[in-house]
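Q: Provided herewith is a single structure, encoded as structure tokens, for subsequent inquiry.
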Amino acid sequence: MKVFTSVLCLFGLITVLTGCATPGPLVNSSITPEVRNAIAYCSAGIASETGLKIEAAIVENGGKIDTVLHDKITGVFASIPGVTEANAVASQKLYMDCLDKKTSQEKTSSIEACHAKLACEIDTMQQFCNCRTIITEMTIEKGYSDSFGDKMLKERCYSGQYDLRECWNGEDVNMARASCTVLLQSNGRELPKAMTGTCLTKQKD
């Protein structure tokens, strides 16, 4: 962002584009969280009126970062009093470069976070499976009563030690899992899965 502001200074636009509050977050459903965060980041330091016009242009474009949006953003900067066409084009390029880079970073971050959450869920299920298997096998091997085995299972495996919700940071587990699955699959990423020969895969065999 420092680069963006510095170049605007060179173009003589600093007095028109900076010094005002950053626009509020978009609420339009067509805007992905990655694009929304990128807009907030790249609009920091831009005059609120200009920032709001940029947001409106992105919403109108369905949240897509493409050549059509390039022209819309150029128009926004060109509408600022005293800004030349050349400066408007230069400002658009700086903004779009920032938007492209930040959106890509945000998307990568979201993909990695989703992969980690799904992997955490599998690991938690694996630990639960191990716990249940060990207690069950021990009960049979030692000849303990079913009631004792049930008591041990309740204390060691079913009393909240293996809560999947902890992997999802308070999100609705089913919705978050589905969203992460779609995100990974749509970006060609393999979904995490239990290793062959572990408790979870043995139960499926």
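The values are calculated or read from the model by the stated rules, or taken from the named source; none is laboratory data. It should be emphasised that the depicted structure is a prediction, and the values quoted were computed from it without experimental measurement. Counting neighbours? That spans all protein chains shown, and the Cβs are built from the backbone with ideal geometry, glycine included. What goes into the accessible areas is simple: the full protein's heavy atoms, side chains included, and nothing from ligands, DNA or RNA. Shrake-Rupley method; radii C 1.70, N 1.55, O 1.52, S 1.80 Å.
Q: Over what distance in Å are the Cα centres of the stretch 149-205 and the stretch 83-123 separated?
A: Their Cα centres are 29 Å away from one another.
Q: Which sequence of L184, L94, L52 reflects their accessible areas, 1.4 Å probe, from the largest down?
A: Listed by decreasing accessible area, they come as L52, L94, L184.
Q: Using only the alpha carbon atoms of the stretch 60-205, find the Kirkwood hydrodynamic radius as the inverse mean reciprocal pair distance, in angstroms to one decimal.
A: 19.8
Q: Exactly which trypsin sites (Lys or Arg not before Pro) in the stretch 28-124 are in a DSSP loop and have at most 16 other Cβ atoms within 10 Å?
A: K64
Q: Along the Cα→Cβ direction, 7 angstrom out, place labels at S48 and K142. What is the inter-label distance in nm?
A: It works out to 6.8 nm between the two label points.
Q: Take the Cβ-Cβ distance between R156 and E190 as r, set R0 to 45 Å, and report the resulting FRET efficiency rounded to the nearest 0.05.
A: 0.85
Q: Setting aside same-chain residues fewer than 8 positions from K193, which lysines have a Cα under 23 Å from its Cα?
A: Straight-distance partners of K193: K107, K117, K202, K204.
Q: Shifting gears a bit: Do any chymotrypsin sites (Phe, Trp or Tyr not before Pro) in the stretch 116-193 lie in a loop, going by DSSP, with at most 15 other beta-carbon atoms within 10 Å of their beta carbon, and if so which?
A: When the chymotrypsin sites (Phe, Trp or Tyr not before Pro) of the stretch 116-193 are filtered for loop state and at most 15 Cβ neighbours within 10 Å, Y144, Y158 remain.
Q: Could you rank D146, D100, D66 by how accessible they are, 1.4 Å probe, largest area first?
A: Accessible-area ranking of D146, D100, D66, largest first: D146, D100, D66.
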